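Here the structure is laid out as structure tokens; the discussion comes afterwards.
The values are calculated or read from the model by the stated rules, or taken from the named source; none is laboratory data. Because the structure is predicted, anything quoted here is derived from the model rather than measured. Neighbour counts run over all protein chains shown; Cβ positions are idealised from the backbone, glycine included.
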Amino acid sequence: MEALHAPWRIDYILSPKVPAADGEASLFTRIARSSDDEGNLVIARARSCYAVLNAYPYNGGHLMVVPYRQTSGLDDLGDDELLDLMKLLRRCQAALRTVMKPHGFNVGINLGKVAGAGIVEHLHIHVVPRWDGDTNFMPVIAGTSVVPEALADIAAKLRAALAAQTA
């Protein structure tokens, strides 16, 4: 039997999951403030939010749309921020359709630790492209997903597709 490996996931699995201390910026806030979009896998920025590829994806193209303002829930966001999030989410789905040609999407928000939020203190919307037959023995039995393309390459293609939307 041949073994397939997804070594990028182990760093996330083994890393401590410590929420940001009071007054400390979350990972998403640090990315929002950074100018290293390529290094952070940021694929688009809008007025009040940005989109970033998940560094430890469940599926190729798994990205998140994140408000710049750190908040743990939807209630703290203004109407303009909510609209910005949804518009960027829609643009990202269109870019994913162009670049990766998925058959569908899982779009979701995990609010609170018990709901599965990995970064509890900073709301983010997951966008996971899905394909017919992508749930096979790897995630079901082996607990591993295979991402066939480097994240930096996916990010570059999505940036180009998003830039083409505004051209």
When region 43-60 is checked residue by residue, the ones that are over 16 Å from Gln165 (Cβ atoms) and touching a residue at least 40 places away in the same chain (Cβ under 8 Å) are Leu53, Asn54, Ala55, Tyr56, Pro57, Tyr58, Asn59, Gly60
Against the conditions (1) in a loop (DSSP other than H, G, I, E, B); (2) crowded, with 17+ Cβ neighbours inside 10 Å; (3) modelled with pLDDT of 60 or more; (4) not charged (D, E, K, R), where does Leu158 fall short? Just the number, please. (1)
Filter region 58-86 down to the residues that are more than 14 Å from His124 (Cα to Cα) and within 16 Å of the chain's Cα centre (by Cα) and list them by number. Tyr58, Asn59, Gly60, Gly61
